[in-house]
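The next block holds one structure in the form of structure tokens; read it before the comments.
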Amino acid sequence: MNTEIIKHNPFESMLDRFNKAADLLHVSDVLRQKLQTPEKIVKVNFDIELDNGQLKSFEGFRVVHSTVLGPSKGGIRYNTCVNLDEVKALAAWMTWKTAVNGIPFGGAKGGVICNPLDYSKAELERITRAYTSKLAHVFGPDKDVPAPDMGTGADEMGWLMDEFSKIHGKKMPGVVTGKHLKHGGSVGRVEATGRGVSIITLLALEHMKINPMGAKVAIQGFGNVGMYTALFLYEKGMKIVAVSDVNTALCNIYGLNIPELIVYYNENKSFAGYTKANVIQHEELLELPVDVLIPAAMENAITDENAGNIKAMLIVEVANGPVSSDADIILKSNHVLVVPDVLANAGGVTVSYFEWLQNSLNQKWDVAQVNFRMEQVLQKSFHEVFSTAELYTISPRIAAYVIALDRVAKKTEEQMGMDTVAGLQLNTLK
Ligand code: NAD
């Protein structure tokens, strides 16, 4: 077996942080085992007919990690790298993310092993409908509520909702979030994760007493989240000096004109041919002399192999799990502050919750209301995480895990009547 894969297994990285927080909270072995084990793991296989008439088989997953705090919530990823350990880690991160942000959901995640760029829109619709019909017994507005993730967006969520509604014989918009507005989506959801990242980045810079005006930023990944993050930080006066997608990394040390670059990228579906920046190596982007580094693509962008070369003072984890647990140690000793994924990218799940609420209450909020409420949630979470980190002299990541674990563990004990288990020690957490 490839030791690199084992070393940077995202589920192992999640467990490593989980155990650090569980040690601090003196969580019993019984409870620890329960909290780290997914409630449900479903593997599905299905065939669809391609546009050329041939049949093609696909494999997919849905992992429900926890429903302790509410219906499980988490995106669906279409990517060739999707595998069970990745989905298990992503599902657990959703549990900690909703818990740390005080959102009454649990955690789940799903995925299909495929490259969405290889398929037509009609084929993607058939893939999504087939995946949904295999998982119709798992999903439900009060059971398990999917959302977009890498390789999926509002179209896939609309097909999922339609297929699920057909199977259940009635329209059920609340089964999924991240839908188009015409299907019951929320204003502000598409850009919510990026907007949330900009709020959290500015709070972190303020905490570090760094002026955001002109501060240099490098962003890996230019999909839904990376693109909006770049735009909102540019609008706040920050200098975005480098961006990348899976094919190309671009750099302009004087700062990229992000609105112009977005128009170019959307027209060409690529950075190729953009003349106002230099093409650099992908690894170089992560190691540029910038103030803020934003990995917004995949897990394990920063590991023990490159963590020592990072020059940014602040890393804002926009992807889920972009920093491996062995890299945490190197970054800490180099005084690089890492804002963890469960806090940094929580704008998306927060507005997903608002969408789900609007669906169940049959309401429509305006964009000012959505953005204002999201900002309130994120500001509260940021202050809770950073004050806990300072109080116990732990990293913001472990502080976020401690807060989340404390909430999920207490509720689990309550639900199971586990009064024999040793009580949590950090009861002073506000
Ligand atoms: P997306 O599919 O819209 O975009 C992914 C981007 O990453 C693309 O630009 C792709 O080209 C790029 N990419 C992939 N591999 C790369 C590599 N090796 N180097 C550089 N770029 C690479 O996905 P997204 O929705 O923007 O999600 C990105 C990350 O953010 C994922 O980790 C996802 O789990 C996380 N996230 C997304 C949301 C959301 O609301 N969409 C919310 C929270 C977290």
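Structure notes:
- Whenever a residue of the stretch 366-379 is modelled with pLDDT of 95 or more, it has no partner that is exposed (fewer than 11 other Cβ atoms within 10 Å of the Cβ) lying with C-beta atoms less than 9 angstrom away and at least six residues away or across chains.
- Residue check, residue 297 in contact (Cβ under 8 Å) with a residue 24 or more places away in the chain, open to solvent by 20 Å² or more (accessible area, probe 1.4 Å) and among the hydrophobic types (A, V, I, L, M, F, W, C): yes
- Search result, residues across the stretch 360-375 that are open to solvent by less than 40 Å² (accessible area, probe 1.4 Å) and not aliphatic (A, V, I, L, M): 365, 371
Residue-wise test of (1) surrounded by fewer than 23 Cβ atoms within 10 Å (Cβ to Cβ); (2) in a helix (DSSP H, G or I); (3) in contact with a Leu (Cβ under 8 Å, 6 or more places away or on another chain).
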{"position": "94", "(1), (2), (3)": "no, yes, no"}
{"position": "102", "(1), (2), (3)": "yes, no, no"}
{"position": "109", "(1), (2), (3)": "no, no, yes"}
{"position": "112", "(1), (2), (3)": "no, no, no"}
{"position": "117", "(1), (2), (3)": "yes, yes, no"}
{"position": "123", "(1), (2), (3)": "yes, yes, yes"}
{"position": "130", "(1), (2), (3)": "yes, yes, no"}
{"position": "133", "(1), (2), (3)": "yes, yes, no"}
{"position": "136", "(1), (2), (3)": "yes, no, no"}
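- Against the conditions (1) more than 14 Å from the ligand (Cβ to nearest atom); (2) in contact with a helix residue (DSSP H, G or I) (Cβ under 7 Å, 6 or more places away or on another chain); (3) within 22 Å of residue 326 (Cα to Cα), residue 92 satisfies every one except (1).
- Hey, residue 168 more than 15 Å from the ligand (Cβ to nearest atom) and closer than 25 Å to residue 371 by Cα or not: no
- Residue within the stretch 311-327 that is part of a helix (DSSP H, G or I) and surrounded by 24 or more Cβ atoms within 10 Å (Cβ to Cβ) present: yes
- Taken over the stretch 392-408, the criterion of being over 22 Å from residue 66 (Cβ atoms) and aromatic (Phe, Trp, Tyr) is satisfied by 392 alone.
- Residues in the stretch 204-252 that are more than 16 Å from the ligand (Cβ to nearest atom), open to solvent by 30 Å² or more (accessible area, probe 1.4 Å) and under 17 Å from residue 285 (Cα atoms): 216, 239, 252.
- Filtering 305, 260, 299 for residues that are among the charged types (D, E, K, R) and in a helix (DSSP H, G or I) leaves a single hit, 260.
- Hey, residue 338 within 16 Å of the ligand (Cβ to nearest atom), modelled with pLDDT of 95 or more and out of contact with any Phe, Trp or Tyr (no Cβ under 9 Å at 6 or more places or on another chain) or not: yes
- Count of residues meeting criterion [within 15 Å of the ligand (Cβ to nearest atom) and either closer than 28 Å to residue 17 by Cβ or β-branched (Val, Ile, Thr) (or both)] in the stretch 355-377: 4
- Pick from the stretch 307-335, criterion of a type in the set (A, V, I, L, M, F, W, C) and closer than 28 Å to residue 153 by Cβ, ranking: farthest from the ligand (Cβ to nearest atom): 315
- Qualifying residues in the stretch 171-197 (those that are open to solvent by 70 Å² or more (accessible area, probe 1.4 Å) and either within 23 Å of residue 227 (Cα to Cα) or of a type in the set (Phe, Trp, Tyr) (or both)) - the one nearest to the ligand (Cβ to nearest atom): 190
- Filtering the stretch 254-292 to residues that are in contact (Cβ under 8 Å) with a residue 40 or more places away in the chain and away from the ligand (no atom under 13 Å from the Cβ) leaves 288, 289, 290, 291, 292.
- Yes/no for residue 230 being small (Gly, Ala, Ser), outside the structural domain of residue 147 (by TED's automatic domain parsing) and assigned to a helix (DSSP H, G or I): yes
- Residue in the stretch 17-37 that is assigned to a strand (DSSP E or B), more than 15 Å from the chain's Cα centre (by Cα) and of a type in the set (Val, Ile, Thr) present: no
- Criterion violated by residue 149 - all others in (1) away from the ligand (no atom under 15 Å from the Cβ); (2) open to solvent by 30 Å² or more (accessible area, probe 1.4 Å) satisfied: (1)
The values are calculated or read from the model by the stated rules, or taken from the named source; none is laboratory data. All of these numbers come straight from a predicted model, not from anything done at the bench. Cβ atoms come from the backbone with ideal geometry, glycine included; neighbour counts cover every protein chain shown. The protein model used for the area step is the full one, side chains on, heavy atoms only, and it has no ligands, DNA or RNA in it. Shrake-Rupley method; radii C 1.70, N 1.55, O 1.52, S 1.80 Å.
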